[in-house]
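Take this structure first; my questions come after.
Throughout, read-outs are computed from the coordinates displayed, never taken from laboratory work. Quick caveat, the model's predicted, so the values are computed rather than measured. In this analysis, Cβ positions are derived from the backbone assuming ideal geometry, glycine residues included, and neighbour counts consider all displayed protein chains.
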Amino acid sequence: MAGSSIGQMFVVTNFGESHGPAIGCVIDGCPPGMDLSAEDIQRELDRRKPGTSRHVTQRRESDTVHVLSGLYEGRTTGTPIALVIYNEDQRSRDYGAVMHQYRPAHADWGYDAKFGIRDPRGGGRSSARLTAPTVAAGAVARKWLAENLGMTFRACVTEIAGRAVAFEGWEHVNANPFFAPNVSQIAELEELLDATRKSGDSIGARLHLEILGVPAGLGDPLYNRLDASLAHALMGVNAVKGVEIGDGFAASRLTGTQNADRMRPEGFVSNHCGGILGGISNGAPITAEVAIKPTPSVRLPLESLNDAMQPVDVVTVGRHDPCVGLRAAPVLEAVAALVMIDAVLRQRGQCGNCGRRFP
């Protein structure tokens, strides 16, 4: 299927279906000589995998990664790295009722209209299950970027169902099932998710993403702008419906003097631009906001059509996240890492390691 690869120098091709025998990816262009193990990748997959709390899908997958190629004696060789994750807990019978029905807000109609055939089991290729290979590839990119540039990535949930999640500290993000940057609202969020799950409905979320340690000079003018590449990749994540870089839409309400990020010898005074100007990183942290829609599979009846174009009420059973945004933080971090390593390798190819740091 066209559109399953990302990157120009660090190319990742994603394959598989939600209920197929396996999912995975092939990474082509990883620099040689980096120490890499399955454990390095597994740590990130464990942050994303299903069944980690009652607030996410109860599909039981270990998401154990198998490295098939690209390593010799624990180091990358520069040749393609093939990663496979075997599906272990498919329940395809749950999707018998929707085999000939189009689920509203899902990709069913679009896939059928494009290909004339679709895999209804768990959404097939359009399932959020396919974010696991992305996280696996992102783990490889993150390790190289951390070791060679000191670049790090972090994301957190800032809003669930329109309810703001107050920021109290990054240290809290991995200590709760919501990737929430606080401790004071966890009980409240648990009540919200419990009520949503019991109702059979679903809710959306908003997340904040930061990339730290980015040197100035990454990205290209016009069509390969770093912000455009980042927004393009983030929009490729399942259920993402909006991406803002820096202040995003809020910048339209500022004056030029308010929006300007003044420069001093010790660094930038502000970061309204989100670390990117003219499509090129300026050395400040790169920031983005990402909006994720409610999970389209719900247990409540929704008016739709079947493949004979007859009216039906669609009810989707099975195991689904009441808020798919809850597990999105590791995915957004991984996607950002794939964009950044590609930008770094393109920079090295054209200009050498000439990225400047500021201050």
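What residue among SER18, SER270, SER126 shows peak mean-square fluctuation when the chain is described by a Gaussian network model with Cα springs under 10 Å?
For the chain, modelled as a Gaussian network with Cα springs under 10 Å, the answer is SER270.
Quote the relative contact order of region 94-194 in percent (integer), defining contacts as alpha-carbon pairs under 8 Å separated by 6+ residues.
Worked out over region 94-194, it gives 13 percent.
Further, regarding this structure: Just subtract the alpha-carbon distance of SER62 and GLU168 from 0.36 nm times their residue separation and send over the number in nm, one decimal.
Contour length minus Cα-Cα distance gives 35.0 nm.
Using 1/(1 + (r/R0)^6) with R0 = 35 angstrom and r between the beta carbons of LYS114 and LEU222, what's the FRET efficiency to the nearest 0.05?
Numbers: r = 29 Å, r/R0 = 0.84.
Efficiency computed from Cβ-Cβ geometry: 0.75.
With axes computed from alpha carbons, what is the tilt in degrees of helix 38-48 against the longest principal axis of the chain, rounded to the nearest 10 within 0 to 90?
60
Could I ask something else about it? 222 nm [θ] for the chain, helices only, -39500 (n - 2.57) per DSSP H run of 4+, per residue, to 500?
Working: 7 runs with 89 residues, N = 359.
My calculation for the chain gives -8000 deg cm²/dmol from helical runs alone.
Which ordering of PHE15, PHE178 is given by a fewest-first count of other beta-carbon atoms within 10 Å?
PHE15, PHE178
Using the Karplus equation 6.51 cos²θ - 1.76 cosθ + 1.60 (θ = phi - 60°), what ³J(HN,Hα) coupling, rounded to whole Hz, does each residue of region 135-152 give in order, writing x for Gly and Pro?
5, 5, 5, x, 5, 5, 4, 4, 5, 5, 5, 5, 6, 9, 10, x, 7, 10
Taking the Cα centre of the chain as origin, work out the dipole magnitude from +1 charges on Lys and Arg Cβ and -1 charges on Asp and Glu Cβ, in debye rounded to 20.
The calculation lands at about 260 debye.
Just the C-alpha atoms of region 146-220: what Rg/Rh do they give, with Rh taken as the Kirkwood radius?
Values: Rg = 15.8 Å, Rh = 14.1 Å.
Looking at region 146-220, the ratio lands at 1.12.
How big is the C-alpha Rg of region 5-351 next to the rule-of-thumb value 2.2 N^0.38 Å, as a ratio?
1.02
Still on this model: Which trypsin sites (Lys or Arg not before Pro) in region 74-183 pass both tests, a DSSP loop state and at most 14 other beta-carbon atoms within 10 Å?
Details: sites: ARG75, ARG91, ARG93, LYS114, ARG118, ARG121, ARG125, ARG129, ARG142, LYS143, ARG154, ARG163; in loops: ARG91, ARG118.
Answer in residue order: ARG91.
I need VAL84, VAL269 ordered by Cβ neighbour count within 10 Å, fewest first.
Listing VAL84, VAL269 from fewest to most nearby Cβ atoms yields VAL269, VAL84.
If region 194-335 were replaced by its equivalent ellipsoid, with semi-axes equal to the square roots of 5 times the Cα gyration tensor eigenvalues, what would those be, largest first, whole Å?
On the way: eigenvalues 304, 49, 39 Å².
Listed largest to smallest, the semi-axes of region 194-335 are 39, 16, 14 Å.
Here's a follow-up. Give the relative contact order (percent, whole number) for the chain; include only Cα pairs under 8 Å separated by 6+ residues.
In percent, rounded to a whole number, it is 22.
To continue, here is another question. Around GLY242, which amide H atoms from residues at least 5 apart in sequence, or from another chain, sit under 5 Å from its own amide H, with H modelled in the peptide plane?
Excluding prolines and chain starts, which carry no amide H, the hits are ALA291.
Whose amide H sits under 5 Å from the amide H of ALA216, counting only residues 5 or more places off or on another chain, with H placed in the peptide plane?
So ALA216 has HN proximity to GLY283, ARG356, ARG357, PHE358.
Now for a different question. Return the long-range amide H neighbours of GLU17 (sequence gap of 5 or more, or a different chain), with a cut-off of under 5 Å between placed amide H atoms.
ALA22
Quick one: the Cα spread of region 124-172 along its three principal axes, in angstroms, biggest first?
37, 36, 13
Label ALA195 and ALA175 with points 7 Å out from Cα along Cα→Cβ: what is the distance between them in nm?
2.6
Ok, one more. So what J values fall out for region 171-186 if you push phi through Karplus, 6.51 cos²θ - 1.76 cosθ + 1.60 with θ = phi - 60°, rounded to Hz, Gly and Pro as x?
With the stated coefficients, region 171-186 comes to 5, 8, 4, 8, 9, 8, x, 10, 6, 8, x, 7, 10, 6, 10, 4 Hz.
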